[in-house]
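A quick write-up on the structure given underneath.
The values are calculated or read from the model by the stated rules, or taken from the named source; none is laboratory data. It should be emphasised that the depicted structure is a prediction, and the values quoted were computed from it without experimental measurement. Cβ placement follows ideal geometry from the backbone for every residue including glycine, while neighbour counts extend to all protein chains displayed. Note: accessible area is taken over every heavy atom of the protein model, side chains too, but ligands, DNA and RNA are not part of it. Shrake-Rupley method; radii C 1.70, N 1.55, O 1.52, S 1.80 Å.
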Amino acid sequence: MSEFIVPALGYDFAALEPHIDAKTMEIHHDKHHGAYVANLNAALKNYPEFYEKPIDEILKNLETVPEPARIAVRNNGGGHANHTLFWEIMKPGGSKEPMGKLADAINSTFGGLDALKEKINDAGLKRFGSGWAWLVENHAGGLSIMSTPNQDSPLIEGLYPVLGVDVWEHAYYLHYQNRRGDYLKAWWNVVNWDVVGARFGAGK
Ligand code: MN3
């Protein structure tokens, strides 16, 4: 039985500067994500069969988690899944804008990339307290924008996250303090659209 682990970042903590500073990345990845994984493992210690399942599958079928562990798995398993996605879609390099079928879907659904960014930034700004803003593949296979509180994953609602931005203060406070809007605007500079594009259509 192997417990859940924090995936390696795959790039330097400083790789996303000046938009996301190295200290924020180090604390966020090692300490915050580390704590979600430690708490997830602790929550499942009496149900080790869940260590064998991908976290996305567990979240999609949250009702199969024994009741005593379910809230902790929702919070900490959500934290694990959400941050794993977050590190991947921020990889430096890659396309600077969406391509192919994702670009087509963004254009037809939202009227273009700028409109998409505005809507996601708005969802992130309106999230009271802590949470995430998302671009998801909806039940019809199209794109929708949503926000979730805390570490709730869209997977819990059967929606597939294509892109997500963390609006917890720990994601931006060292560099941006209370300026969540400035963080959201800057964040788009570090999105790797190759990774995001590959996710679109993978939710089936
Ligand atoms: Mn976070």
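Report, by residue number, each residue of region 124-160 that is more than 17 Å from Leu85 (Cβ to Cβ) and among the hydrophobic types (A, V, I, L, M, F, W, C). Within region 124-160, Leu125, Phe128, Ala140 qualify. Condition test on Gly141, is it exposed (fewer than 14 other Cβ atoms within 10 Å of the Cβ), within 16 Å of the ligand (Cβ to nearest atom) and outside any strand (DSSP E or B)? No: the conditions fail for Gly141. The number of residues in region 165-204 being over 25 Å from Asn75 (Cβ atoms), without any contact (Cβ under 8 Å) to a residue 12 or more places away in the chain and not in a helix (DSSP H, G or I) comes to 2. Screening region 85-101 for residues that are more than 16 Å from the ligand (Cβ to nearest atom) and not small (Gly, Ala, Ser) and picking the one that is least open to solvent (accessible area, probe 1.4 Å) gives Pro98.
You will find that of Leu9, Leu59, the residue that is among the hydrophobic types (A, V, I, L, M, F, W, C), in contact with a helix residue (DSSP H, G or I) (Cβ under 7 Å, 6 or more places away or on another chain) and not in a helix (DSSP H, G or I) is Leu9 and no other.
Counting the residues of region 1-46 that are more than 18 Å from Asn76 (Cβ to Cβ) and either aromatic (Phe, Trp, Tyr) or in contact with a Pro (Cβ under 7 Å, 6 or more places away or on another chain) (or both) gives 4. Once region 23-48 is narrowed to residues that are more than 16 Å from the ligand (Cβ to nearest atom) and either touching a helix residue (DSSP H, G or I) at 6+ places or on another chain (Cβ under 7 Å) or touching a residue at least 40 places away in the same chain (Cβ under 8 Å) (or both), the residue that is nearest to Ala186 (Cα to Cα) is Ala43. Residues that are within 12 Å of the ligand (Cβ to nearest atom) and among the acidic types (Asp, Glu) within region 167-188 comprise just one, Glu169. A count restricted to region 148-164 and to residues that are in a helix (DSSP H, G or I) and under 13 Å from the mean Cα position of the chain (by Cα) stands at 2.
Between Gly181, Gly112, the distinction of being farther than 24 Å from Asp194 by Cα, open to solvent by less than 40 Å² (accessible area, probe 1.4 Å) and not hydrophobic (A, V, I, L, M, F, W, C) belongs to Gly181 only. Checked against the criterion of being in a helix (DSSP H, G or I), open to solvent by 80 Å² or more (accessible area, probe 1.4 Å) and either over 19 Å from Gly93 (Cβ atoms) or among the aromatic types (Phe, Trp, Tyr) (or both), region 45-52 contains one or more residues that satisfy it. Can you tell me which residue within region 64-84, out of those that are in a helix (DSSP H, G or I) and of a type in the set (Val, Ile, Thr), is surrounded by the most Cβ atoms within 10 Å (Cβ to Cβ)? Restricting to residues being in a helix (DSSP H, G or I) and of a type in the set (Val, Ile, Thr), the top hit is Val73.
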